[in-house]
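Note sheet for the following structure.
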Amino acid sequence: MTRAHDPHGDLVSGGSGVGVLAPTRPPETPLARLRWAVVDGWTVTRRDLTHWIRSPEEVLGGLTFPVVSVLLFGYVLGSAMVVPGGGDYREFLMPGLFGMTMVFGMVITASAVVTDTSRGVTDRFRSMPMAPSAVVAGRSVADMIRAALDLTALLGCGLLVGWRAHGGVAAFLAAVGLLLLLRFALIWVGIYVGLLLRTPESATTLMTLVLPFAMIANTFVAPELMPSWLGVVAEVNPMSATVAATRELFGNPGLGGGSWLARNALLMAVVWPVALVAVFFPLSVRRFRDMSR
Amino acid sequence: MRTAAATLTGEIAAGERECAVLARGLRKRYGETTALDGFDLAVPYGTVCGLLGPNGAGKSTAVRVLSTLLRPDGGRAEVGGFDVVTQARQVRYRIGLTGQNPAVDDVLTGRGNLEMFGRLYHLGPRAARRRAQELLEQFNLTDVADTPPRRYSGGMRRRLDLAVSFIMAPPVLFLDEPTTGLDPRHRLEVWNGVRDLVAQGTTVLLTTHYLDEVDQLADDISVIDRGRVIARGTPDELKSTLGGDQLDVVLDDPAELGRAAEALAVLAGAPPRVRPEASRLTVPVRERVTALTEALRVLEAAGIAVRDIGIRRPTLDEVFVRLTGHHPESGETDTPADTAVDPAAGAGDEDEREGGR
Ligand SMILES: Nc1ncnc2c1ncn2[C@@H]1O[C@H](COP(=O)(O)OP(=O)(O)OP(=O)(O)O)[C@@H](O)[C@H]1O
Ligand SMILES: [Mg+2]
């Protein structure tokens, strides 16, 4: 190893003169701890974002399904689709696709988590003096940034096919907020599932499990048009609450029937994500701790 | 040689607090498998401890427990005076780790990896960038600095992984099979890098299957088998457990081996070992020079033609085989082309290692 020059230069800490790049000390005040948690979390976020910048095909691939769905359902099958209470099917469809994209995000989170654990990167993080929360915090922020970008792309796509938000700015922002809230809740489901999986390959099969979840909902067809038992399942689906609520806020057609869940979609669009976080956040934390078992 | 006293209580005596790494009675089970079964270790500050043992002996498990990744089922361990379970956070500020499998980000570039991990070691952006450049040079990775590791060769990944654990000069460095898969030149450079860190005060715990590696680097060796330390000592101490020097005789005619063994029995401390396939005979002896002259005299008197004769110290490989009943380089690990353990041992020791297990 060539060490022609003083390898550490002015990096020498404490002026010990030994040329050691000494490790930093643990933060002592809560404020310093918080600062490192933020700095470390942001470092991890930047890394996660870099992954997507390096493989844009993966990001575009993730958007393919919703965009193809716009064309397939909006145009090919659209004429055969009925919106209860009348209205344009494509206006009905778009909020469903927004919600579906948020749900698919769960797979993105899970596969990123299992890739890191199976490659040993998570262990490397765990052996380092970084803030322990940074791994998941960084992951969440990156996933939320991506969700916002995905959603922006789909909103643009919707505008192209004639979808409009009729409810004003506040209602629009509230709808976007509810969609992102669902995505946020699903980060914790994704982290938990990712920690359960063993190989990155198994994450791709997750998609086949998530797909029916996104279908047996009010995404493409109103639940009241389904066989009654399936309609009930579709209405209980947390994703349906978010989609119904965003339809309401965007002023899009196809507001659900008379069931309590349908009438309280706005409430349920908050209750469901909060419940998911309440269950899966502690589960994920415990699972993360159990890595040392 | 000191044999590890099996302290099962997990108590840490006051005098042992001077140690950078200390383990007492560590236990770890995976279902039916007992990976650690009363593992004891004490590594004084500023020294290099080599951990040897056959595949599945529990070396990696021990490293994972000591580097806070794994919680032991029983026993206690301290690193830098901090408990690895209850003070894991403090421990993490004082250790560097290279695990058995390279753990680098496959998508970031080599440089990107070093900069990211540098930032997570709380270097500033400029310092992280400079340190990355230094390490890329140190580990000969400048050519592939801007390529993601998934396009690296195995040895390059390993080097990048090592570079990451060298970002800081940690007080305690854990290296789990650091040079597995490296070519001889890069092994030498990793050894130099370890020596540099030790010169700066770092304590190193190193596991390896290459006995020349511990011979080169380690001040102290612990041999581990089935989750516990079965022998401990300096390389020299361990070698002398095999009864000191050995006389090697190679004959022109293998048919004469029996007669030669009889003739040499008088000066042997123990019965000679005969290897007909190599036409070779090994005799443990007490006095180096007398034994050599005596042997030559006896053999000449018996009229046995000698092709080669020499005195050598036992190799660590032999110590290892004797202690564990395993061949040191069995299993998944690569065998380097030349495994002559003791540079002073003389050439042609290939057939000296017992194939038994
Ligand atoms: N995650 C795990 N789950 C179940 N068993 C495990 C696990 N990790 C290790 N083991 C078992 O624990 C024992 C010790 O394994 P360990 O990896 O510590 O051995 P080692 O000495 O590092 O071996 P090697 O030289 O092959 O690296 C082995 O029997 C192994 O099968
Ligand atoms: Mg191992």
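All conditions in (1) modelled with pLDDT under 95; (2) open to solvent by 40 Å² or more (accessible area, probe 1.4 Å); (3) out of contact with any Asp or Glu (no Cβ under 8 Å at 6 or more places or on another chain) hold for residue A:255, with the sole exception of (3).
Tell me, yes or no, whether region B:171-191 has at least one residue that is part of a helix (DSSP H, G or I), within 14 Å of ligand 1 (Cβ to nearest atom) and touching a Gly at 6+ places or on another chain (Cβ under 8 Å). No, that holds for no residue.
Selection within region B:50-108: residues that are free of Cβ contacts under 8 Å to residues at least 40 places away in the same chain and among the β-branched types (Val, Ile, Thr). The member of this set that is farthest from ligand 1 (Cβ to nearest atom) is B:86.
In the set B:84, B:48, B:79, B:63, only one residue is away from ligand 2 (no atom under 16 Å from the Cβ) and within 16 Å of the chain's Cα centre (by Cα); that residue is B:48. Residue-level check: of (1) within 13 Å of chain A (Cβ to nearest Cβ); (2) closer than 20 Å to residue A:23 by Cβ, residue B:112 misses just (2). Does residue A:51 meet the test of being modelled with pLDDT under 80 and surrounded by 15 or more Cβ atoms within 10 Å (Cβ to Cβ)? No. Quick check, is residue B:199 away from ligand 1 (no atom under 16 Å from the Cβ), more than 17 Å from the chain's Cα centre (by Cα) and without any contact (Cβ under 8 Å) to a residue 24 or more places away in the chain? So residue B:199 fits the description; yes. For residues that are at positive phi and within 16 Å of ligand 2 (Cβ to nearest atom), scanning just region B:213-256, find the one that is most open to solvent (accessible area, probe 1.4 Å). Among them, the one singled out is B:226.
Checking each residue in region A:127-147 for being in contact (Cβ under 8 Å) with a residue 60 or more places away in the chain and in contact with a Leu (Cβ under 6 Å, 6 or more places away or on another chain) picks out A:130, A:142. From the list B:219, B:225, B:215, the one residue that fits, being more than 16 Å from residue B:41 (Cα to Cα), among the charged types (D, E, K, R) and in contact (Cβ under 8 Å) with a residue 12 or more places away in the chain, is B:215.
From the list A:106, A:94, the one residue that fits, being away from every other protein chain (no Cβ under 12 Å), over 30 Å from residue B:89 (Cα atoms), open to solvent by less than 20 Å² (accessible area, probe 1.4 Å) and at pLDDT 85 or above, is A:94.
The values are calculated or read from the model by the stated rules, or taken from the named source; none is laboratory data. In this text, all values refer to a predicted model and were calculated from it rather than measured experimentally. As a convention, Cβ positions derive from the backbone with ideal geometry for all residues, glycine included, and neighbour counts pool all protein chains shown. Ligands, DNA and RNA are excluded from the accessible area calculation, which covers all protein heavy atoms including side chains. Shrake-Rupley method; radii C 1.70, N 1.55, O 1.52, S 1.80 Å.
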